[in-house]
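I have placed the structure first, in the form of structure tokens, so that the comments after it can refer back to it.
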Amino acid sequence: TTVLPRDITMRRAAAVAAVVLGLGPRDALGFRPMQMHRPMPAAVRMTATMQSTEAAAPAAEAPQQSYTLSVTERARTVAQSCTSGTLCTMCQKDEDDGQNAPFGTHVDYVLDAAGCPVMLLSDQSLHTDNIQVSPRATLYTQMPVDPNTGAQIKAAMPRVSLVGKVVPVTDKDEIFALRTAYSVAHTYADRLIESPKFAFWKLEPERIYYVGGFGVQSTWVDRLEFETATADILALESNELVNKLNAEKQQDLRTLCVQFLDVDDTPDFESVRVVAIDKLGLDLRVATDFGARTDEYRVGFLCSVFAMEDAKSEIFKIFQEAWEKEQGYEWEDMGPPVMKYAEDILK
């Protein structure tokens, strides 16, 4: 094994050019982009299960960097990425059959800076009549299925329910800002905004319930944390990159698994697929034992990304490091932070 100095800037600069030209690690002649490596806390630089690493001691006098979105950030991402949902109010009209029963209707909305959904409602709608009598309501919304991805099913998409009171928006400055924001998100509404029969109503969340998908984590989310949480900027466009990596970069993914996830490069290593990509890293699903065992890993980025091109660059760096390690070139803190967060419980 050859140990390289950490300041080989010419190799890394060449890799940046390779990224611009759209070349993969093997097309880039072994060069890699410049990357500032820094020691990772023991709690995140690992390949053991999450349960076995929670007790690891954090780095002294340094805040531990997170490489996964928090539940609150995931909930805020759903609420901010979506622009429509089901508004459930308490029915007031039908005394014989439906009085005080939940009444669900489709609504479009925009999310304000505090995480409150703002809707443009008609004064002739039944849900508007309902909230004028009883303002308590729930807005349910769910991430859409990407039509270009056949592997996604609706039940597997994350969703959020915001429970609170619906109140009219009366501040003139706020209404002025909402008119622009709403018309950008919902171009059909330009004429409705000018109509005296429509007005802005805001749902002020008191409780937020997040469901990660079918059979995965579901929990109540802290309201104050939700108010200040930052949504994942890649949420609506990452699927295209996921599909591209799975279709075109299988060899790079397998090299990553062997070099940094401690997966044995044997015939029983059946497959690896990218499950998701967000601003902090990517999730991998690895099938071994000829497909009889499936484990899931989190591979973190060394810095949070703010655009899809940044995410592509971070992934290229990871692929390049895996290739270099495969060729026998290593240094002390080589490789991304890795965590196994799910393993086959039957094995």
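In table form, for the structure just shown:
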| quantity | calculated |
| --- | --- |
| Pair list, Cβ under 8 Å, 6 or more apart: the range 154-175 residue more than 14 Å from residue 131 (Cβ to Cβ), other residue among the hydrophobic types (A, V, I, L, M, F, W, C) and open to solvent by 40 Å² or more (accessible area, probe 1.4 Å) | 154/145; 155/214; 156/214; 157/145 |
| Of all residues making up the range 308-338, the number that are modelled with pLDDT of 90 or more and either under 17 Å from residue 275 (Cα atoms) or open to solvent by less than 40 Å² (accessible area, probe 1.4 Å) (or both) | 18 |
| Boolean, residue 89 is open to solvent by less than 20 Å² (accessible area, probe 1.4 Å), modelled with pLDDT of 65 or more, of a type in the set (Val, Ile, Thr) and not in a helix (DSSP H, G or I) | yes |
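Residue-by-condition table, conditions (1) within 25 Å of residue 233 (Cβ to Cβ); (2) over 19 Å from the mean Cα position of the chain (by Cα); (3) part of a strand (DSSP E or B); (4) touching a residue at least 60 places away in the same chain (Cβ under 8 Å):
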| position | (1), (2), (3), (4) |
| --- | --- |
| 264 | no, yes, no, no |
| 275 | yes, no, yes, no |
| 286 | no, yes, yes, no |
| 294 | no, yes, yes, no |
| 304 | yes, no, no, no |
| 313 | yes, no, no, yes |
| 319 | yes, yes, no, yes |
| 322 | no, yes, no, yes |
| 333 | no, yes, no, yes |
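The values are calculated or read from the model by the stated rules, or taken from the named source; none is laboratory data. Just so it is clear, the structure is predicted and the values come from calculations on it, not from any experiment. Virtual Cβ from ideal backbone geometry, glycine too; neighbours counted across all protein chains shown. Only protein heavy atoms, including side chains, enter the accessible area calculation; ligands, DNA and RNA are left aside. Shrake-Rupley method; radii C 1.70, N 1.55, O 1.52, S 1.80 Å.
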